[in-house]
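The values are calculated or read from the model by the stated rules, or taken from the named source; none is laboratory data. Given the structure is predicted, the values throughout are model-derived calculations rather than measurements. Positions of Cβ are generated from backbone atoms using ideal geometry, with glycine treated the same way; all protein chains shown enter the neighbour counts. Accessible surface areas use protein heavy atoms only, side chains included; no ligands, DNA or RNA. Shrake-Rupley method; radii C 1.70, N 1.55, O 1.52, S 1.80 Å.
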Amino acid sequence: MNFELTEEQKLIKRTAKEFANNELAPGAVERDQTKQWPKEAVEKMADLGFMGMMVNPKWDGGGMDTISYAIAMEEVARADDSASVIMSVNNSLVCYLLQKYSSEFIKENYLKDLASGKKLGAFSLSEPQSGSDASNMLTIARKEENCYVLNGTKNWVTNGLNSDYVIVFAVTEQGIGHRGISCFIVDKKNKGFDVGKPEDKLGIRSSDTTELYFDNVKVPKENLIGKEGEGFKIALSTLDGGRIGIASQAIGIAQASLEKSVSYSKERVQFNKPISANQAIQNKLANMAIEIESARLLIYKAAWLKDMNQNFGVAASMAKVYASEVAMRASTECVQIHGGYGYIAETGVERLMRDAKITQIYEGTSEIQRLVIARDLLK
Ligand SMILES: Cc1cc2nc3c(=O)[nH]c(=O)nc-3n(C[C@H](O)[C@H](O)[C@H](O)COP(=O)(O)OP(=O)(O)OC[C@H]3O[C@@H](n4cnc5c(N)ncnc54)[C@H](O)[C@@H]3O)c2cc1C
């Protein structure tokens with residue numbers, strides 16, 4: 001057992017922290033208020049190699065391990081959670097899936113540009129009637145001679161507006177449940193593809209989330225990922241890895257909450273002493289630190305299992321459910337420690353609380369993570 005980060009992981013942490021502090025943090029509150037998509041930040045993340053961190057260099061990725069990815073995600077989320085979800089979708093839901101399941105043709109023509117950050121990806125599984133029960137989808141992919149024709153509506157697509165390519169799940173054979181679902185990569189320039197207006201969200205407001213509409217969209221047959229009928233299996237195994245990213249995002253928010261709470265509690269004087277002199281405040285800080293450290297260890301364990309090619313699904317669910325709940329508690333306590341000043345946008349503290357909430361919902365809600373964990377216990 002070794003708790004020391006490698007030299008490469010330490011370098012990634014330093015690089016990500018410097019970028020997050022100098023280039024992400026300064027405009028994060030304003031971007032949240034104006035719902036401005038962080039274009040420059042995404043370009044810089046591409047320059048830093050953060051958009052395809054775990055992809056083999058032969059496909060223009062960074063060739064890094066999952067722990068490095070978790071470290072970078074935490075640092076980015078600490079400064080700007082919206083930027084971190086843009087990064088996480090491209091890394092864990094798009095590039096990871098393509099590297100693991102797609103053909104050489106797709107890797108050459110799509111993965112290279114996505115991993116280098118020249119293009120941006122999105123992952124489209126959810127539909128209005130099928131969220132947690134994702135296999136209950138209605139989007140159809142009808143097979144024709146040289147292509148599949150897609151019809152249907154997807155929703156809640158992160159990067160739906162600003163992406164170039166979308167991983168889409170659709171039914172190729174009806175009446176056989178999840179075994180009839182297939183996975184495609186779709187170029188948004190295809191005729192019949194349309195994007196809805198960005199949702200007005202509680203948090204992660206400078207990332208975009210949209211509906212996608214498919215009206216007889218012709219997708220070349222080479223764009224099928226895996227075999228027909230393998231789509232749902234591909235989606236679930238990809239989401240296992242995605243949960244490590246979301247857990248890291250959550251812990252970034254929690255860490256920002258702790259740092260802001262420590263510095264404010266030392267500055268803010270009430271009853272002639274800093275509020276940090278009160279044990280009630282100290283207990284809050286200590287509890288935050290204990291929980292953040294515990295969550296981080298769960299994340300590193302899940303990431304390590306993944307890097308060792310061992311089963312990591314349950315570990316990733318544990319990391320996600322715990323880290324997201326820690327993020328909620330830490331950000332709520334952070335607002336409390338800031339008193340009234342925590343409740344206004346200017347201090348950037350209420351944003352942490354709003355951003356934290358989504359980590360309990362997307363890529364599988366906390367209830368669904370507990371089902372995954374319990375199913376494993378009871379098998
Ligand atoms: C901002 C945002 C970004 C998103 N990005 C993407 C994306 O990029 N791609 C994508 O495909 N999807 C995305 N999603 C969708 C997200 O993954 C779903 O919202 C999530 O899976 C939950 O589905 P739902 O919203 O339909 O809730 P539902 O499934 O309707 O669940 C409602 C409630 O019931 C609970 N529940 C459901 N079933 C059970 C059960 N069996 N046992 C106990 N409790 C249960 C849930 O935990 C939840 O509390 C995004 C969502 C949001 C809000």
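How do the pairs read when you match residues in region 343-369 that are touching a residue at least 24 places away in the same chain (Cβ under 8 Å) with residues anywhere that are among the hydroxyl-bearing types (Ser, Thr, Tyr) and within 9 Å of the ligand (Cβ to nearest atom), using Cβ under 8 Å and keeping only pairs 6 or more apart or on different chains?
Going by the 8 Å Cβ cut-off, the qualifying pairs are 360/366; 362/158; 364/132; 365/132; 367/132; 368/132.
Can you list the strands (runs of 3 or more DSSP E) found entirely within region 133-219 that contain at least 1 residues being surrounded by fewer than 18 Cβ atoms within 10 Å (Cβ to Cβ) and within 16 Å of the ligand (Cβ to nearest atom)?
Numbers: elements: 140-143, 147-158, 165-171, 181-187, 193-195.
Passing ranges, in order: 147-158.
Residue check: is residue 364 under 23 Å from residue 205 (Cα atoms) and surrounded by 18 or more Cβ atoms within 10 Å (Cβ to Cβ)?
In short, yes.
Tell me, which helices (runs of 4 or more DSSP H) wholly within region 81-131 include 2 or more residues that are more than 10 Å from the ligand (Cβ to nearest atom) and over 24 Å from residue 222 (Cβ atoms)?
Per the criteria, 81-88.
Would you point out the residue of region 332-361, among those that are surrounded by fewer than 21 Cβ atoms within 10 Å (Cβ to Cβ) and within 16 Å of the ligand (Cβ to nearest atom), that is farthest from the chain's Cα centre (by Cα)?
Looking at residues that are surrounded by fewer than 21 Cβ atoms within 10 Å (Cβ to Cβ) and within 16 Å of the ligand (Cβ to nearest atom), I get 354.
Only residues in region 107-135 that are farther than 16 Å from residue 234 by Cβ and small (Gly, Ala, Ser) count as the first member; pair them with residues that are more than 16 Å from the ligand (Cβ to nearest atom) and open to solvent by 50 Å² or more (accessible area, probe 1.4 Å), Cβ under 6 angstrom, at least 6 apart or cross-chain, and list the lot.
115/60; 116/60
Checking residue 29 against (1) free of Cβ contacts under 8 Å to residues at least 40 places away in the same chain; (2) part of a helix (DSSP H, G or I), which test does it fail?
(1) is the only condition that residue 29 fails.
Which residue out of 253, 225, 244 is out of contact with any Lys or Arg (no Cβ under 9 Å at 6 or more places or on another chain), over 19 Å from residue 130 (Cα atoms) and crowded, with 22+ Cβ neighbours inside 10 Å?
The unique qualifying residue is 225.
Restricting to region 32-74, what's the tally of residues that are in a loop (DSSP other than H, G, I, E, B), surrounded by fewer than 21 Cβ atoms within 10 Å (Cβ to Cβ) and touching a residue at least 60 places away in the same chain (Cβ under 8 Å)?
Here the count works out to 4.
So how many residues does region 279-309 have that are open to solvent by less than 50 Å² (accessible area, probe 1.4 Å) and free of Cβ contacts under 8 Å to residues at least 24 places away in the same chain?
Summing the residues that are open to solvent by less than 50 Å² (accessible area, probe 1.4 Å) and free of Cβ contacts under 8 Å to residues at least 24 places away in the same chain in region 279-309 gives 2.
Residue 364 fails exactly one of the following numbered conditions: (1) within 16 Å of the ligand (Cβ to nearest atom); (2) within 15 Å of residue 239 (Cα to Cα); (3) out of contact with any Lys or Arg (no Cβ under 9 Å at 6 or more places or on another chain). What is the number of that condition?
Only one criterion is unmet by residue 364, namely (3).
Return a yes/no flag: does region 310-328 have any residue that is part of a helix (DSSP H, G or I), away from the ligand (no atom under 16 Å from the Cβ), under 26 Å from residue 278 (Cα atoms) and open to solvent by less than 20 Å² (accessible area, probe 1.4 Å).
Among the residues of region 310-328, at least one is part of a helix (DSSP H, G or I), away from the ligand (no atom under 16 Å from the Cβ), under 26 Å from residue 278 (Cα atoms) and open to solvent by less than 20 Å² (accessible area, probe 1.4 Å), which makes the answer yes.
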